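The values are calculated or read from the model by the stated rules, or taken from the named source; none is laboratory data. Just so you know, these numbers come straight off a predicted model, no measurement behind them. When we count neighbours, we look across all protein chains shown, and the Cβ atoms used for this are built from the backbone with ideal geometry, even at glycine. The protein model used for the area step is the full one, side chains on, heavy atoms only, and it has no ligands, DNA or RNA in it. Shrake-Rupley method; radii C 1.70, N 1.55, O 1.52, S 1.80 Å.
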Amino acid sequence: MAGYLELYRRGKLRERVVAALDLLQKCSVCPHKCGVNRLTGERGKCRTGREVVVSSYGPHFGEEAPLVGTYGSGTIFFTNCNLRCIFCQNYSISQLGEGEKVTKEQLAYIMLSLQARACHNINLVSPTHVVPQILEALEIAVQSGLHVPLVYNSGGYDSVETLRLLDGIVDIYMPDMKYDDERTAKELSGVENYASINRAAVREMHRQVGDLQIDRYGVAQRGLLVRHLVLPNGLAGTRGIVDFLSKEISRNTYLNIMAQYRPCYRASEVPGLARPISAEEYQEALWLAKQAGLMRLDERHPVEILRLRRE
Ligand code: SF4
């Protein structure tokens with residue numbers, strides 16, 4: 001049973017909605033802490049005001065197998081982002097604002113429609129900057145029968161204070177761990193202190209939900225699933241990230257080491273990013289994770305890696 005149902009039954013979901021909306025007044029929803037009043041339409045670094053903008057939604061079969069199951073993961077792609085990754089593959093959505101404004105009732109309807117299509121979960125993609133709006137919609141959707149697990153699929157630049165409001169609501173956390181080095185994060189994603197903020201967020205997520213639990217049908221029900229995209233020339237700092245996960249989170253962390261990097265958007269501005277990763281770089285990343293003692297790696301078959309890199 002999804003955690004938010006219990007919270008709703010105890011009358012606590014409303015309190016979380018109110019507390020989250022309060023963050024918008026002097027926005028501190030994410031670690032940027034822009035301080036703008038989004039309730040009156042002001043915008044900070046995520047370029048999002050009171051509204052929520054959705055670029056697309058539907059059953060998705062390209063996510064990790066425990067999320068996809070038989071009928072797909074019910075993804076909702078939110079427009080805009082609190083990161084500025086110069087190699088973003090979805091930059092028209094994350095940076096250029098492609099999408100449609102939706103009301104809280106429409107967002108609730110989207111969640112319910114994905115459940116009605118038998119999706120195993122509601123997969124909130126880039127949710128960080130719209131957590132309050134998501135909670136408002138969730139409250140409506142629960143009243144109309146939503147019951148599948150919620151997946152929080154973020155770039156990993158999340159504030160612990162906001163994550164605490166999601167305790168008992170989010171069932172599956174799926175953060176990126178993009179960088180081990182603050183200067184690289186600043187150069188490639190335009191954010192301060194990514195590595196330290198990201199680690200604090202992953203600690204909080206794991207404290208709430210623990211290691212990933214998969215049911216007898218192979219479908220994830222609760223827990224932490226980390227994504228790490230390997231960048232060319234070691235720019236993602238894989239060694240530091242896998243050591244952190246192994247020593248400070250759990251050797252049983254479900255980790256997807258991703259191979260599909262290809263130069264997109266403004267990646268050509270940085271010489272080290274101007275090519276896909278090599279097979280050797282990917283194998284080395286896997287090796288580092290195994291050397292660190294991590295036991296649950298979402299390894300892709302080499303043929304699939306080639307396919308992902310062509311897409
Ligand atoms: S959610 Fe947006 S406005 Fe709020 S602190 Fe983050 S970037 Fe700034």
Exercise for the section: Place the peptides 146-152, 55-61 in order of packing, highest mean first, counting for every residue the other Cβ atoms within 10 Å and averaging per peptide. Expected result: 146-152, 55-61
Exercise for the section: Using only the Cα atoms of the range 18-71, build the gyration tensor, take square roots of its eigenvalues as a ≥ b ≥ c, and label the shape rounded, prolate or oblate: rounded if a/c is under 1.5, else prolate if a/b is larger than b/c, else oblate. Expected result: prolate
Exercise for the section: May I ask for the net charge around Asn121, where only other residues with Cβ less than 13 Å from the Cβ of Asn121 are counted and Lys, Arg are +1 while Asp, Glu are -1? Expected result: -2
Exercise for the section: Could you grab the relative contact order for the chain? Cα pairs under 8 Å, six or more apart, rounded to a whole percent. Expected result: 15
Problem - Global form of the range 1-155, assessed from the alpha-carbon gyration tensor, a/c cut-off 1.5 - result: oblate
Practice task
Please build a GNM for the chain, connecting alpha carbons under 10 Å apart, and tell me which residue among Arg199, Arg216, Arg117 fluctuates the most.
Solution key: Arg216
Handout entry: Gain in span if fully extended, Leu39 to Leu297, counting 0.36 nm per residue against the direct Cα distance
Key = 88.7 nm
Exercise for the section: Keeping the other protein chains in place, figure out the carbon and sulfur percent of the accessible area of the range 102-197, with a 1.4 Å probe. Expected result: 47
Exercise for the section: Report the FRET efficiency, 1/(1 + (r/R0)^6), for Arg84 and Arg239, where r is their Cβ-Cβ distance and R0 is 35 Å, rounded to 0.05. Expected result: 0.90
Fill in the blank from the handout: Taking a ≥ b ≥ c as the square roots of the eigenvalues of the Cα gyration tensor, with a/c under 1.5 meaning rounded and otherwise prolate when a/b exceeds b/c and oblate if not, the range 87-238 is prolate
Completion exercise
Between Trp287 and Gln213, Cβ-based FRET efficiency (R0 41 Å, step 0.05) works out to 0.90
Fill in the blank from the handout: With Cα springs under 10 Å, the Gaussian network model of the chain assigns the largest mean-square fluctuation among Thr253, Thr103, Thr238 to Thr103
Problem - Extension gain from Asp22 to Ser268, taking 0.36 nm per residue of separation minus the Cα-Cα distance - result: 84.5 nm
Problem - Peptide ranges 179-189, 78-88 listed from the most packed, as the mean C-beta count within 10 angstrom indicates - result: 78-88, 179-189
Problem - Label point at Lys12 placed 7 Å out along Cα→Cβ; residues across the range 195-216 whose backbone nitrogen lies under 17 Å - result: 205-210
